[in-house]
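Here is the structure we will look at, set down as structure tokens.
The values are calculated or read from the model by the stated rules, or taken from the named source; none is laboratory data. Since we're looking at a predicted model, the values are computed, not measured. Counting neighbours? That spans all protein chains shown, and the Cβs are built from the backbone with ideal geometry, glycine included. Note: accessible area is taken over every heavy atom of the protein model, side chains too, but ligands, DNA and RNA are not part of it. Shrake-Rupley method; radii C 1.70, N 1.55, O 1.52, S 1.80 Å.
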Amino acid sequence: MMSASALRTEDLAKVYGEGAAAVHALRGVDLDVKKGELVVLLGPSGSGKSTLLNILGGLDRATAGRAFFEESELTAMSDRQVTLYRRRHVGFVFQFYNLMPSLTAAENVELVTEIAEAPMEALEALSLVGLAERAEHFPAELSGGEQQRVAIARAIAKRPNLLLCDEPTGALDSKTGVGVLRAIQDLNADLGATTLIITHAKATAAMADRVIHFMDGRIAGVETNATKAAPEDITW
């Protein structure tokens with residue numbers, strides 16, 4: 001039995017600018033992501049991956065087409081409804097950690113839990129990414145991999161339905177990145193959060209349920225992995 005859709009798009013398009021200077025970031029994307037899937041989006045810079053992720057996460061608006069979260073149409077929501085959607089359902093992880101340097105790891109996570117409806121305790125979220133013992137450390141006292149794991153803990157502390165990761169290992173070496181990918185894969189499995197990962201590291205595709213290739217604002221191909229690789233087996 002096929003799982004229900006978590007995210008779906010129909011002929012989704014995004015154009016920046018007008019006339020001869022217009023940039024067509026998305027050109028009619030049809031996508032269906034099932035609940036609980038871990039999907040990797042691959043493609044060169046400018047292929048439309050981040051634009052798609054930003055629209056699905058409620059950070060940007062489509063120019064044309066439709067996008068859905070479960071049965072709710074994102075592209076028909078008001079600004080307030082989109083804000084509530086982000087707050088209630090979406091956890092973001094970006095390439096750069098965006099941690100507040102004057103706050104401890106726990107306090108950085110609490111920034112999200114203070115506005116979430118049914119959040120985890122900050123220490124619980126940090127425990128899930130293996131950082132409970134670093135809760136009282138400031139970002140400057142943490143390695144790059146640890147800072148990224150704090151960012152992941154912050155993203156999942158609200159118990160999101162969706163975990164959207166844009167180049168989460170892009171600023172890390174491969175050994176440190178493997179630890180971050182392990183945290184993401186474990187959270188996908190343990191929490192059931194539908195997870196999308198944008199990456200330039202093609203080897204990362206091996207850990208996904210499906211791999212979606214982007215080129216020139218379109219989906220160029222889709223692969224399904226019969227067996228998912230462990231992050232520890234991935235090198236790039």
Open item on the list: So with the 1.4 Å probe, I'd like the accessible area per residue for the stretch 1-115, rounded to whole Å².
Closed with: 50 Å²
TODO: Over 18 Å between C-alpha atoms is what I'm after, so list which of K49/K202; K49/K158; K175/K202; K34/K202 land there.
DONE: K49/K158; K34/K202
Open item on the list: I need the phi-derived Karplus couplings for the stretch 18-27: 6.51 cos²θ - 1.76 cosθ + 1.60, θ = phi - 60°, integer Hz, Gly and Pro marked x.
Closed with: 9, x, 5, 8, 5, 10, 8, 6, 10, 10
Open item on the list: Using each residue's phi in the stretch 3-15, evaluate 6.51 cos²θ - 1.76 cosθ + 1.60 at θ = phi - 60° and report the 3J(HN,Hα) Karplus result to the nearest Hz, with x for Gly and Pro.
Closed with: 5, 6, 6, 8, 9, 8, 10, 10, 6, 6, 9, 9, 10
Open item on the list: Counting other C-beta atoms within 10 Å, and keeping those with at most 13, which DSSP coil chymotrypsin sites (Phe, Trp or Tyr not before Pro) do you find in the stretch 38-101?
Closed with: F96
Open item on the list: Taking 2.2 N^0.38 Å as the expected size of a compact globular protein, what ratio does the Cα radius of gyration of the stretch 17-98 give against it, to two decimals?
Closed with: 1.16
Task: Interchain or long-range residues, amide H under 5 Å from V93's placed H - done: L164, C165, D166
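Using a 1.4 Å probe over the heavy atoms of the protein chains, calculate the carbon and sulfur portion of the accessible area of the stretch 1-160 as a whole percent.
Working: 3910 of 7700 Å².
In the stretch 1-160, the share of accessible area belonging to carbon and sulfur is 51 percent.
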TODO: Determine which residues of the stretch 1-25 fall in the zone a paramagnetic label at T63 would reach in this model, i.e. backbone nitrogen under 11 Å from the point 7 Å along Cα→Cβ.
DONE: 13-25
Task: DSSP bridge orientation in the chain - percent antiparallel, rounded to nearest 5 - done: 55 percent
Task: For the stretch 89-106, Karplus couplings with θ = phi - 60° (6.51, -1.76, 1.60), whole Hz, Gly/Pro x - done: 10, 10, x, 10, 10, 10, 4, 9, 5, 6, 8, 7, x, 8, 10, 6, 4, 4
Open item on the list: Give me the dipole magnitude in Debye, nearest 20, for the stretch 18-76 about the Cα centre, with unit charges on the beta carbon: positive for Lys and Arg, negative for Asp and Glu.
Closed with: 160 debye
- [ ] Using just the helices of the chain, give the 222 nm mean residue ellipticity in deg cm²/dmol: DSSP H runs with n ≥ 4 each add -39,500 (n - 2.57), and the total is spread over all residues, rounded to 500.
- [x] -8500 deg cm²/dmol
